[in-house]
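K.L.:
Could you have a look at this structure, given as structure tokens, before my questions?
The values are calculated or read from the model by the stated rules, or taken from the named source; none is laboratory data. The structure displayed is predicted, hence computed values, not measured ones. Cβ placement follows ideal geometry from the backbone for every residue including glycine, while neighbour counts extend to all protein chains displayed.
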Amino acid sequence: MSSYWQALPGEAVDRVIVTVSFMRLDAKPEPRWSALPAGARLDLAPRLSVSAYRDLYDRVGGPWLWWLRRMMPEPMLARLLADPAVAIYRLWQGDAVLGFFELDATSWPDVNLSYFGLLPEAIGQGLGFSLLGAAIEQVFSGPVRGMTVNTCTADHPRALPNYQRAGFRIMRQVREVWDIPRRLGFAVPPHLLAIGQDGAPGLGLVADRSGDASGEA
């Protein structure tokens, strides 16, 4: 199994402890969200280059410690982006991208909401819950069994409540320990740092769960 997410031997890391909630939706709920506002639109992104994807991923996920895809080797990420089971939808306002969500149907008939979020400047405008509704509607427009997502305590504080508000239920919660290399340049919130961390390498981070979802409303 690949261990691309592991820090290099001896490099400085921030040891982060999070609680991850794995969630599921078994049927399309009655819409509890508003339509996207006038002038906002979604598009199914054409096959993105690794650099274009990472630019969007970093701008949306930077505040929420989206780090795993930044550690993923470029050839591996290129293969993932070329996979026909992976679809990336971007939210636009005029000619500006405000956010995106990524769907992964490799576990069909379940579809996973792998990533979901808004750029920092788009937060607070009420777009997040509408965007989540658009993702749910897209998934359940086809013959699927269910939709999955996970969120964690590094995500936006409204992420978990918004998923529950949309109809997702928590299936399980696990504690994860991440060793995030400091070379990535994240400003880790103090409440997520392990007490007495010494920068020692890994405590068994599992493979890329591909499910960071900041979930701002």
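K.L.:
Could you list, in sequence order, all residues of the stretch 133-159 that are aliphatic (A, V, I, L, M), in contact (Cβ under 8 Å) with a residue 60 or more places away in the chain and farther than 22 Å from Leu36 by Cα?
P.N.:
Across the stretch 133-159, the qualifying residue is only Ala154.
K.L.:
Another one. Which of (1) closer than 17 Å to Ile123 by Cα; (2) in a loop (DSSP other than H, G, I, E, B); (3) modelled with pLDDT of 95 or more does Leu56 not meet, given it meets every other one?
P.N.:
The number of the failed condition is (2).
K.L.:
Leu42 versus (1) part of a loop (DSSP other than H, G, I, E, B); (2) of a type outside the set (Phe, Trp, Tyr); (3) within 25 Å of Phe140 (Cβ to Cβ): which is the lone unmet condition?
P.N.:
All conditions pass for Leu42, except number (1).
Results for (1) surrounded by fewer than 19 Cβ atoms within 10 Å (Cβ to Cβ); (2) at pLDDT below 95; (3) over 29 Å from Pro9 (Cα atoms); (4) charged (D, E, K, R), shown as yes or no for each residue.
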site: Leu131; (1), (2), (3), (4): no, no, yes, no
site: Phe140; (1), (2), (3), (4): yes, no, yes, no
site: Met147; (1), (2), (3), (4): no, no, yes, no
site: Asp155; (1), (2), (3), (4): no, no, no, yes
site: Tyr163; (1), (2), (3), (4): no, no, yes, no
site: Met171; (1), (2), (3), (4): yes, no, yes, no
site: Arg175; (1), (2), (3), (4): yes, no, no, yes
site: Asp179; (1), (2), (3), (4): no, no, no, yes
site: Phe186; (1), (2), (3), (4): no, no, no, no
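K.L.:
How about the stretch 1-39: which of its residues are within 20 Å of Val139 (Cβ to Cβ) and either in a strand (DSSP E or B) or of a type in the set (Gly, Ala, Ser) (or both)?
P.N.:
Ser21, Phe22, Met23, Arg24, Leu25, Ala27, Ser34, Ala35
K.L.:
Of everything in the stretch 131-148, what is closer than 23 Å to Leu65 by Cα and assigned to a helix (DSSP H, G or I)? Give them in sequence order.
P.N.:
Hits for the stretch 131-148 are Leu131, Leu132, Ala135.
Residues checked against (1) surrounded by 13 or more Cβ atoms within 10 Å (Cβ to Cβ); (2) modelled with pLDDT of 95 or more; (3) farther than 30 Å from Met171 by Cα:
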{"position": "Ala12", "(1), (2), (3)": "no, yes, yes"}
{"position": "Ile17", "(1), (2), (3)": "yes, yes, no"}
{"position": "Gly94", "(1), (2), (3)": "no, no, yes"}
{"position": "Leu103", "(1), (2), (3)": "yes, yes, no"}
{"position": "Asn112", "(1), (2), (3)": "yes, yes, no"}
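K.L.:
Could you look through the stretch 64-90, keep only residues that are assigned to a strand (DSSP E or B) and touching a Phe, Trp or Tyr at 6+ places or on another chain (Cβ under 7 Å), and pick out the one that is surrounded by the most Cβ atoms within 10 Å (Cβ to Cβ)?
P.N.:
Ile88
K.L.:
Which of the residues that make up the stretch 20-48 are among the polar types (S, T, N, Q) and either within 21 Å of the chain's Cα centre (by Cα) or closer than 29 Å to Leu77 by Cα (or both)?
P.N.:
Quick first cut of the stretch 20-48, residues among the polar types (S, T, N, Q) only: 21, 34.
Correct list: Ser21 only.
K.L.:
Quick one: which residue in Arg70, Arg32, Arg90, Arg47 is of a type in the set (Lys, Arg) and free of Cβ contacts under 8 Å to residues at least 40 places away in the same chain?
P.N.:
Values: Arg70 fails: free of Cβ contacts under 8 Å to residues at least 40 places away in the same chain; Arg32 fails: free of Cβ contacts under 8 Å to residues at least 40 places away in the same chain; Arg90 fails: free of Cβ contacts under 8 Å to residues at least 40 places away in the same chain.
So the residue among Arg70, Arg32, Arg90, Arg47 that is of a type in the set (Lys, Arg) and free of Cβ contacts under 8 Å to residues at least 40 places away in the same chain is Arg47.
K.L.:
Consider Leu98 carefully, then state whether it is over 15 Å from Thr151 (Cα atoms), more than 12 Å from the chain's Cα centre (by Cα), at pLDDT 95 or above and not in a helix (DSSP H, G or I).
P.N.:
Answer is yes for this residue.
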